[in-house]
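Working notes, beginning with the structure itself.
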Amino acid sequence: MSEWLVLAIAMAAACAVVLSITVLRQRRIGADDDPSETPDVIEYMTMMVGVVYAIVLGLAIAGVWEARTGAQDSVRAEAQALHEVSERVQAYSPEARDRIRADVQSYVTYVVKEEWPEMLKEGELTDKGRTLLDKVRTDVTAYEPRNDQEAQSYQPLLDQVGAADAARNARAQNAEPTMPGVVWFGLIGGALVAVGLIFTLQIRRSARELLLAGLYSALIAFLLFLIWDFNSPFGHDVDDFVTPFTDLFSI
């Protein structure tokens with residue numbers, strides 16, 4: 001299911017629930033009810049809850065956005081480092097060059113086609129991916145330079161392999177969702193409280209009041225969806241983040 005469809009359903013459902021409750025509640029109110037009798041303390045509490053919940057939402061969005069940005073940087077760093085290995089190994093002998101490039105290609109292909117779906121599903125990397133990257137490191141490290149040109153390329157190649165390994169470790173640390181379950185409990189509970197409190201203000205069935213109530217609930221639904229979407233640092237689909245690999249390698 002498309003994320004945009006999920007967002008549309010969530011916002012429509014939030015509006016439908018709030019508007020339905022408002023209309024049903026209005027039918028049960030007597031003709032002698034006076035909406036101006038809402039105590040000032042309720043208006044103050046509603047305002048304070050809204051402000052506090054807005055701060056919590058802002059912090060949550062900032063947290064998942066920062067994690068998403070870090071995940072993007074680690075993917076780009078890993079792909080670029082492996083690309084540098086493939087390019088700089090040009091100075092090596094044809095046999096060593098082809099072997100290292102083939103191992104790099106095998107690793108990248110495995111990451112994109114097999115490890116990435118597993119990472120999104122289980123929240124961790126695979127042992128085979130680590131083995132394939134270790135093979136690249138072994139090929140680069142075990143090679144003995146034959147001349148000065150190869151010797152000058154040897155250390156930069158090791159540095160790039162180390163950079164790819166560090167980026168992979170960063171990817172492993174960011175593979176799990178950013179927000180723990182207890183935070184989600186607070187976000188959803190806060191949303192219910194924030195929306196529930198608007199009914200204490202004796203909303204009527206006028207078009208203006210129904211519109212504002214619907215927009216308020218839809219806004220909260222959108223913000224919660226935004227947090228859910230960013231909560232997975234590497235997205236919810238393989239194509240979301242593998243572009244750095246597919247742009248630099250033929251997969």
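(1) outside any loop (DSSP other than H, G, I, E, B); (2) in contact (Cβ under 8 Å) with a residue 40 or more places away in the chain; (3) closer than 21 Å to ASP73 by Cβ: which one isn't true of TYR107, the others all being true?
(2)
I'm checking my understanding of the structure. Among residues of the stretch 210-251 that are surrounded by fewer than 17 Cβ atoms within 10 Å (Cβ to Cβ) and closer than 20 Å to GLU84 by Cβ, which one is farthest from the chain's Cα centre (by Cα)?
Within the stretch 210-251, the match that is farthest from the chain's Cα centre (by Cα) is SER250.
Name the residue that is nearest to ALA221 (Cα to Cα), counting only residues in the stretch 42-67 that are surrounded by 13 or more Cβ atoms within 10 Å (Cβ to Cβ) and among the aromatic types (Phe, Trp, Tyr).
TYR53
Have a look at TYR107, TYR154, TYR143 and point out the one that is modelled with pLDDT under 90 and surrounded by 19 or more Cβ atoms within 10 Å (Cβ to Cβ).
TYR143
The values are calculated or read from the model by the stated rules, or taken from the named source; none is laboratory data. Just so it is clear, the structure is predicted and the values come from calculations on it, not from any experiment. Using ideal geometry, Cβ is built from the backbone for each residue, glycine included, and neighbour counts are taken over all protein chains shown.
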